[in-house]
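As C-alpha cells, the structure follows; a few thoughts come after it.
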Amino acid sequence: QVQLVESGGGLVQPGGSLRLSCAASGSIFSVGAMGWYRQAPGQERELVATITSDGSTNYADSAKGRFTISRGNAKNTVYLQMNSLKPEDTAVYYCNAVLSRTVVDNLRHYWGQGTQVTVSS
C-alpha cells in the first residue's frame, strides 16, 4: 500500500508565502516524477509544477517566478515553496507521484488527499 501525505496548507494573506510538503510512504520500489496539482471550486484539476527524479522541473505559467518545486534527499518527498500568493491561487493542492511498488510493477500515478490553500485578506 502506498500513501502520499501532504501538509503545509492554510490561510495566508495576499503577498504571503506557504511551503507545502508531501511524503510518499509504504511499499515503494522506485519513485519517478513527483508534482503538485490544484483544483479550485468549480474548476478542473490543473498542473502547478512537476519535478523528475533527476531534478528537471516544469511549471505552469501561473506558477513561474513565484513557486519553486524541489525534492528531498530521500527522493520520496517533494516540496512546493509558494511566494507572492494571490487570491486566485486559492485551491486544494494535490501531491502526485509516479512510482512502482515492485521491480516488476509498472509505473503508476498516485495522489495525496489534498491540502487547502486559501489566499485572502
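The values are calculated or read from the model by the stated rules, or taken from the named source; none is laboratory data. Everything numeric in this text was worked out from a predicted model, so none of it was measured. Here Cβ is always computed from backbone atoms with ideal geometry, including for glycine, and neighbour counts include all displayed protein chains. Each accessible area value is taken on the protein alone, full model and side chains, heavy atoms only, with ligands, DNA and RNA left out. Shrake-Rupley method; radii C 1.70, N 1.55, O 1.52, S 1.80 Å.
Has the range 55-71 got any residue that is closer than 25 Å to THR118 by Cβ, part of a loop (DSSP other than H, G, I, E, B) and of a type in the set (S, T, N, Q)? Explain how you work it out, then say what you get.
Applying the first criterion (closer than 25 Å to THR118 by Cβ) to the range 55-71 yields 59-70.
Filter once more, so that each one left must be part of a loop (DSSP other than H, G, I, E, B): 60-66.
With the extra rule that they be of a type in the set (S, T, N, Q), the set shrinks to 62.
Scanning the range 55-71 turns up at least one residue that is closer than 25 Å to THR118 by Cβ, part of a loop (DSSP other than H, G, I, E, B) and of a type in the set (S, T, N, Q).
Here ALA91 clears all of (1) within 12 Å of VAL117 (Cα to Cα); (2) open to solvent by 40 Å² or more (accessible area, probe 1.4 Å) except the condition numbered (2). Taking every residue in the range 30-52 that is at pLDDT 95 or above and pairing it with any residue that is open to solvent by 60 Å² or more (accessible area, probe 1.4 Å) and of a type in the set (Gly, Ala, Ser), at least 6 positions away or on another chain, the pairs with Cβ-Cβ distances below 8 Å are ALA33/SER53.
Restricting to the range 60-72, and then to whatever is open to solvent by less than 50 Å² (accessible area, probe 1.4 Å) and under 13 Å from the mean Cα position of the chain (by Cα), can you tell me which residue is nearest to SER17 (Cα to Cα)? The qualifying residue nearest to SER17 (Cα to Cα) is PHE67. Checked across the range 103-121, the condition of being in contact with a Phe, Trp or Tyr (Cβ under 7 Å, 6 or more places away or on another chain), outside any strand (DSSP E or B) and on the phi > 0 side of the Ramachandran plot holds for at least one residue.
Are any of the residues in the range 86-95 of a type in the set (Gly, Ala, Ser) and either closer than 20 Å to GLN3 by Cβ or part of a loop (DSSP other than H, G, I, E, B) (or both)?
Of the range 86-95, the ones of a type in the set (Gly, Ala, Ser) are 91.
Applying the additional criterion that residues be either closer than 20 Å to GLN3 by Cβ or part of a loop (DSSP other than H, G, I, E, B) (or both) yields none.
Checking the range 86-95: not a single residue is of a type in the set (Gly, Ala, Ser) and either closer than 20 Å to GLN3 by Cβ or part of a loop (DSSP other than H, G, I, E, B) (or both).
Residues in the range 1-29 that are outside any strand (DSSP E or B), of a type in the set (S, T, N, Q) and modelled with pLDDT under 95: GLN1, SER27. Determine if the range 5-20 includes at least one residue that is out of contact with any strand residue (DSSP E or B) (no Cβ under 8 Å at 6 or more places or on another chain) and either among the charged types (D, E, K, R) or surrounded by fewer than 14 Cβ atoms within 10 Å (Cβ to Cβ) (or both). Within the range 5-20 (the criterion being out of contact with any strand residue (DSSP E or B) (no Cβ under 8 Å at 6 or more places or on another chain) and either among the charged types (D, E, K, R) or surrounded by fewer than 14 Cβ atoms within 10 Å (Cβ to Cβ) (or both)), the answer is yes, since at least one residue qualifies. Could you grab me the full set of residues in the range 102-116 that are out of contact with any Asp or Glu (no Cβ under 9 Å at 6 or more places or on another chain), of a type outside the set (D, E, K, R) and either within 27 Å of LEU80 (Cβ to Cβ) or open to solvent by 100 Å² or more (accessible area, probe 1.4 Å) (or both)? Listed by number, the residues that qualify are VAL103, VAL104, ASN106, LEU107, HIS109, TYR110, TRP111, GLN116.
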